[in-house]
Each structure stands twice: as C-alpha cells, then as structure tokens.
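Taking it in order: structure first as structure tokens, then the write-up.
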Amino acid sequence: MSLGQLLMKTAFAVLTLGMLIAADCATAQAVEPDETDSMADESASAGVGVPEGPVEEITVYGEKTVPAIKAQIMRVDRKMYGLWNEMNTEREFDVHCRLEGVYASRRKERICLPAFENGILEESWDDLSSWTGAGRPQAEIREKREIMRKKMIEFAEQNPDLRAAIIERARLQRDLTEAEARGDYGDEE
C-alpha cells in the first residue's frame, strides 16, 4: 500500500469519526417561538389582512455540485477542527489539514490528520521494515484514534458549537457521497 493510499484511508477514517460522533451527539433541539408570531398578532388586531393560523412555509432544496459541497466542507472543517484544537490540551491530538498530491495525478486532495498520525507515518516511512512487520504503525494509529474518538465525544457533549459542526460535517459528507454518485461535478466536466 502506498503512502498516498494510506493517507486517503486515514483521511476517510477521520471523516468517519465525525459521522460516528454526529450519531452519538445528535439531540433534538426545541424550537423557540420567534418574533414573527407576535408581529402577526399585532397586524391582525390592527385590521391588516394577515391570514389566521400558521403560514405555510415552502422550502426548495437544490442538488449541490461536488465542488460546492467540498467548499462547504472546508469551511465546516476549519470551524470544527478549530474548536477541537482549542478545547484539546494534548497537542498530539490536534488536527491539521493540508493539500497533498494524488499519486500519478496532478490533482491534489485535502487531507486532515491528527498530529499523532503524521508523526507515526513519518517514523514508519523512515523505517520501511515496519510496514511489512507486525503492523505496529497501524495498531498504534488505531489505539490513538479510539482515544481521540472518546475525547471528541466528550468535548462535543460539552460544547454545542462543536457538536453542531460535527453534525453539519457528517451531513455534508453524506451530500458529497450522493453528489459523487450522481456524477454532479458542475462546470468542471
């Protein structure tokens, strides 16, 4: 397995972590009445033609293209990982994103990895024998990922902004998967 393939699998695992946390942290939010209700009451009492009862709301959803969804993901990632890095006191669990070239291509992929994975991968790259050995790098990464997952769940329970960002990230990842399956790349084709 090439380093690029390993990094792609690792990035997918980090993204999957966001989806797992979103599932663990999803909670129903109470809807607060807004000011428009009181304004409608005032208008009705003033004799203005406001229909009684709730006003029907129509929401139109368009299918977004892959590039548009990726741009949204980058914004949400900045917020999510920024909050995570602020709350986290162990720097080895800080997550940083970068663009990395795809093997045998001019394309670049955005990869977000925790510092411990970068360190382990760099050490393993220096010592290629560990890739064919007992799987120490993979085992160490799995162990630390589990610790990070537990910390992220704990922090998401404490911080509603982090929780909301994780849930939004999971939704965008689902949308991206659907857009890629549709082949909806917009004007890039």
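The values are calculated or read from the model by the stated rules, or taken from the named source; none is laboratory data. Note that this is a predicted model, so its numbers are computed, not measured. Positions of Cβ are backbone-derived with ideal geometry, glycine not excepted, and every protein chain shown enters the neighbour counts.
Cβ-Cβ distance below 8 Å, separation of 6 or more or different chains: which pairs start in segment 146-161 with a residue that is farther than 18 Å from V76 by Cβ and end on one that is of a type in the set (S, T, N, Q)?
The qualifying pairs are K151/N88.
Can you run down the residue pairs with Cβ atoms below 7 Å, 6 or more apart or on separate chains, where the first is in segment 102-125 and surrounded by 13 or more Cβ atoms within 10 Å (Cβ to Cβ) and the partner is part of a helix (DSSP H, G or I) and among the basic types (K, R)?
Every condition considered, the pairs that remain are A115/R91; F116/K144.
Considering only segment 113-166, state which residues are part of a helix (DSSP H, G or I), acidic (D, E) and either at pLDDT below 95 or closer than 20 Å to R91 by Cβ (or both).
At the first step, the residues of segment 113-166 found to be part of a helix (DSSP H, G or I) are 115-126, 129-132, 136-158, 160-166.
Checking the rest, the ones that are also acidic (D, E) come to 117, 122-123, 126, 140, 143, 146, 154, 157, 161.
E117, E122, E123, D126, E140, E143, E146, E154 - these are the residues of segment 113-166 that are part of a helix (DSSP H, G or I), acidic (D, E) and either at pLDDT below 95 or closer than 20 Å to R91 by Cβ (or both).
Can you spot a residue in segment 63-80 that is in a strand (DSSP E or B) and modelled with pLDDT of 90 or more?
No, that holds for no residue.
Among the residues of segment 29-38, are any closer than 27 Å to I166 by Cβ, of a type in the set (A, V, I, L, M, F, W, C) and modelled with pLDDT under 75?
Our first condition is that a residue be closer than 27 Å to I166 by Cβ; within segment 29-38, this holds for 29-32, 34.
Then drop every residue that is not of a type in the set (A, V, I, L, M, F, W, C), which leaves 30-31.
Still in the running and modelled with pLDDT under 75: 30-31.
Yes, segment 29-38 contains at least one residue that is closer than 27 Å to I166 by Cβ, of a type in the set (A, V, I, L, M, F, W, C) and modelled with pLDDT under 75.
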